[in-house]
2 protein chains.
Amino acid sequence: MKSNNTEAQYDASRYRTPDGYTSDIAVFTITSEQTKAYAPPKMVLKLMLIQRAEHDTEGNPNIESGKWALPGGFVTPEETACAAASRELEEEAGIAGIHLKQFGVYDQPGRDPRGWIISNAHYAIVPEYRLSERKASDDAVDVELFSVAELSEQVLAFDHKNIIQDALTHITRDLLQTTVAKQFLPEMFTYSELQAVLLTVTDDKAIQNDQAFARKIKSLPFIEAVKGQKTQRTSKLPTQLYRFIDAEVKQSIYTARH
Amino acid sequence: MKSNNTEAQYDASRYRTPDGYTSDIAVFTITSEQTKAYAPPKMVLKLMLIQRAEHDTEGNPNIESGKWALPGGFVTPEETACAAASRELEEEAGIAGIHLKQFGVYDQPGRDPRGWIISNAHYAIVPEYRLSERKASDDAVDVELFSVAELSEQVLAFDHKNIIQDALTHITRDLLQTTVAKQFLPEMFTYSELQAVLLTVTDDKAIQNDQAFARKIKSLPFIEAVKGQKTQRTSKLPTQLYRFIDAEVKQSIYTARH
DNA sequence: TTAACATTTAACACATTGTTAATTAAAAGG
DNA sequence: CCTTTTAATTAACAATGTGTTAAATGTTAA
């Protein structure tokens with residue numbers, strides 16, 4: 001391999017090069033239903049998909065048309081795939097300053113009938129109210145939110161079913177093992193709001209248990225109670241608000257309880 | 001963006017395409033020194049690097065020559081980057097069947113002076129004895145193992161310093177939060193051998209504490225004591241051997257102790 | 001005035017952890 | 001043969017965290 005490597009130094013052109021480099025984005029949001037006043041919300045994790053048009057702008061039939069797909073597009077040489085994802089989110093949805101994370105590369109030969117196209121996949125977390133803004137301004141594009149249950153019934157374009165499966169795995173892990181839940185919540189939140197976010201991706205008994213979770217949140221090193229700040233969003237009884245603080249979160253399966 | 005997307009369907013060639021797609025591999029091993037007989041080993045995490053040749057096989061001066069770099073090479077359209085990594089490890093080092101994991105993509109404009117080259121980075125875990133086999137068979141290639149401390153002093157090719165930093169972050173996280181430590185250990189191992197592996201990447205007091213760790217290993221759901229199997233590798237007193245078993249490892253920072 | 005209800009506080013039994021100390025089994029040296 | 005050495009094992013205790021059940025709180029709405 002060493003000789004291959006050195007030969008390649010000055011003439012990459014003797015190798016076949018990719019036909020394209022795309023950035024795809026799994027846009028997650030959590031819809032929150034307040035079943036009644038003064039009660040904690042019921043939350044559902046949803047993924048935004050776009051429906052591929054029947055024809056392109058020149059009137060030719062479109063590949064994988066009619067199927068639902070992840071938003072995305074080609075990356076240019078002047079940007080990273082992450083920057084492209086950010087740009088596309090802004091161009092398409094007017095959403096800027098969103099939490100974006102790269103989670104996988106899709107380069108299986110034959111994954112895209114158009115050629116050798118490498119997809120760099122990201123997930124984005126968008127609070128619900130940012131999406132509603134968007135829908136109001138641009139309802140021409142076929143955009144829809146799908147819950148995890150609804151996703152499994154859909155026919156999806158290219159290998160997007162795989163990509164979405166991986167996105168779900170990653171956001172689940174990150175929600176439970178990092179403080180990224182912050183991105184779904186307002187600056188200050190109650191214990192039951194955080195709990196509702198976590199329960200969209202886990203059925204962990206220790207998180208379902210209200211008393212235990214309300215007691216636990218007080219001792220987490222990366223969350224603090226905001227003194228004097230209460231709300232009645234989730235209960236008639238004024239309820240303590242919390243916020244995330246910067247603190248390193250280490251964790252090992254060898255020291256945790258099982 | 002939607003229009004860009006649909007226009008691109010049938011003619012990717014109107015966009016500039018990448019000049020190359022490479023697969024780089026951070027090959028980790030743990031060297032184990034037995035300071036004396038009947039004592040637990042001292043382990044050090046090391047990374048294998050190759051030194052870039054002064055000239056290529058045609059006698060032309062080589063780009064980034066003399067610098068240490070991650071092994072890797074160009075991906076072909078018939079394979080995934082992960083398969084390419086596997087192939088390159090086998091071609092270069094005769095190492096097959098190794099644990100490989102993709103951890104990042106490097107596509108910063110200008111990262112490679114040869115053009116728009118996207119690197120897909122993986123880490124590999126190779127038990128020490130597999131590397132010694134290799135060195136004996138092919139000592140012509142400039143290959144060396146660097147500890148984490150030694151790495152920071154080295155001048156590295158391209159953006160490999162960044163890539164290595166990320167590789168270290170990922171392998172540290174994976175060693176503590178998944179059962180990948182298995183890949184560094186023999187089928188059966190003592191508590192102190194597992195402990196030594198973990199201590200190459202953490203200074204967690206709970207893992208440093210011998211008594212506590214020896215007690216804890218017995219209750220981990222993904223490790224079992226092998227009945228009747230003992231060794232004197234690490235102590236005069238015949239010592240219990242353990243092995244990993246398949247078991248799901250879930251974990252949340254919201255339920256763990258802090 | 002009363003019922004309803006999410007939250008908060010309290011209390012207890014139980015499990016896990018940090019810590020210290022004692023015990024065990026084999027090797028090595030005199 | 002006896003003694004020392006050492007990693008592993010076992011034991012024991014206090015401190016801390018968890019699961020569970022129960023009661024108290026503060027507000028709304030009937």
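The values are calculated or read from the model by the stated rules, or taken from the named source; none is laboratory data. All of these numbers come straight from a predicted model, not from anything done at the bench. Note that we place each Cβ from the backbone using ideal geometry, even for glycine, and neighbour counts take in every protein chain shown. For accessibility, only protein heavy atoms count, side chains too; no ligands or nucleic acids. Shrake-Rupley method; radii C 1.70, N 1.55, O 1.52, S 1.80 Å.
How much accessible surface does A:K218 have with a 1.4 Å probe, in Å² rounded to 10?
Ignoring ligands and nucleic acids, A:K218 comes out at about 140 Å².
By a straight-distance test (C-alpha under 17 Å), which aspartates and glutamates pair with B:K230 as possible cross-link partners, with residues fewer than eight away in the same chain excluded?
B:E187, B:E193
Excluding B:Q108 itself, calculate the net charge of residues whose Cβ lies under 13 Å from the Cβ of B:Q108, where each Lys or Arg counts +1 and each Asp or Glu counts -1.
Neighbour charge sum, excluding B:Q108 itself: -4.
Which links in A:K101/B:K161; B:K36/B:K218; B:K67/B:K182; A:K101/A:K216; B:K182/B:K227 stretch past 23 Å when you go from one Cα to the other? Provide the component values of the computation, followed by the final result.
Values: A:K101/B:K161 21 Å; B:K36/B:K218 27 Å; B:K67/B:K182 32 Å; A:K101/A:K216 28 Å; B:K182/B:K227 19 Å.
Pairs exceeding 23 Å: B:K36/B:K218; B:K67/B:K182; A:K101/A:K216.
Under the rule of at least 5 residues apart or a separate chain, name every residue whose amide H is placed under 5 Å from the amide H of B:I30.
It is B:K46, B:E128, by chain and number.
Can you give the extra length, in nm with one decimal, that the chain gains between A:Q232 and A:E128 once fully stretched, where that is 0.36 nm per residue apart less the Cα-Cα distance?
35.4 nm is the gain from fully extending A:Q232 to A:E128.
Cα gyration tensor of region B:201-258, axes a ≥ b ≥ c as square roots of the eigenvalues: rounded (a/c below 1.5), prolate (a/b > b/c) or oblate?
It comes out oblate by the Cα gyration axes.
Relative contact order (percent) for chain A, with alpha-carbon contacts under 8 angstrom and 6 or more residues of separation?
About 21 percent, as a whole number.
Search the structure for amide H atoms under 5 Å from the amide H of A:H122, placed 1.01 Å from N in the peptide plane, and list their residues when 5 or more places away or on another chain.
So A:H122 has HN proximity to A:D24, A:I25, A:A26, A:F103.
Pick from A:V126, A:V197, A:V155: which residue has the top mean-square fluctuation in a GNM of chain A where Cα pairs under 10 Å get a spring?
Looking only at A:V126, A:V197, A:V155, the largest GNM fluctuation is found for A:V155.
Any idea what the dipole of the protein assembly as shown comes to, in debye rounded to 20, about its Cα centre with Lys/Arg Cβ at +1 and Asp/Glu Cβ at -1? Intermediate results must be reported in sequence, preceding the final value.
Values: 58 positive and 72 negative charges, 685 e Å.
Using Cβ point charges on Lys, Arg, Asp and Glu, the protein assembly as shown gives about 3300 debye.
Through the Karplus equation 6.51 cos²θ - 1.76 cosθ + 1.60, θ set to phi - 60°, convert the phi angles of region B:166-181 into ³J(HN,Hα) values in whole Hz; use x for Gly and Pro.
For region B:166-181, the Karplus curve yields 5, 4, 5, 4, 5, 5, 5, 4, 5, 5, 8, 10, 9, 8, 5, 3 Hz.
List the distances, in nm to one decimal, from the label point of A:R243 to the label points of the same position in every other copy, shortest first, placing each label point 7 Å from Cα along the Cα-to-Cβ direction.
5.3
Can you give me the solvent accessible area of B:D142 with a 1.4 Å probe, rounded to the nearest 10 Å²?
Probe radius 1.4 Å; accessible area of B:D142 about 80 Å².
With charges only on Cβ, +1 for K and R and -1 for D and E, what is the dipole size of chain A about its Cα centre, in debye, rounded to 20?
Computed charge dipole of chain A: roughly 1660 debye.
Suppose R0 equals 35 Å. What FRET efficiency, 1/(1 + (r/R0)^6) with r the Cβ-Cβ distance, do B:K42 and B:D159 give to the nearest 0.05?
After rounding to 0.05, the efficiency reads 0.60.
Of B:S152, B:T169, B:A181, which is farthest towards the positive pole of the protein assembly as shown's charge dipole, taken about the Cα centre with +1 and -1 on the beta-carbons of Lys, Arg and Asp, Glu respectively?
The listed residue farthest towards the positive side: B:A181.
Report, to two decimal places, the Cα Rg of the protein assembly as shown normalised by 2.2 N^0.38 Å (N = number of residues).
Values: Rg = 25.6 Å, N = 516, 2.2 N^0.38 = 23.6 Å.
Here the Cα radius of gyration is 1.08 times the empirical estimate.
If each label sits 7 angstrom from Cα along the C-beta direction, how far apart, in nm, is A:E90 from its counterparts in the other copies?
Label point to label point, same position, other copies: 4.5 nm.
If you put a point 7 Å past Cα along the Cβ direction, how far is that point for B:K36 from the same point in each other copy, in nm, smallest first?
7.3
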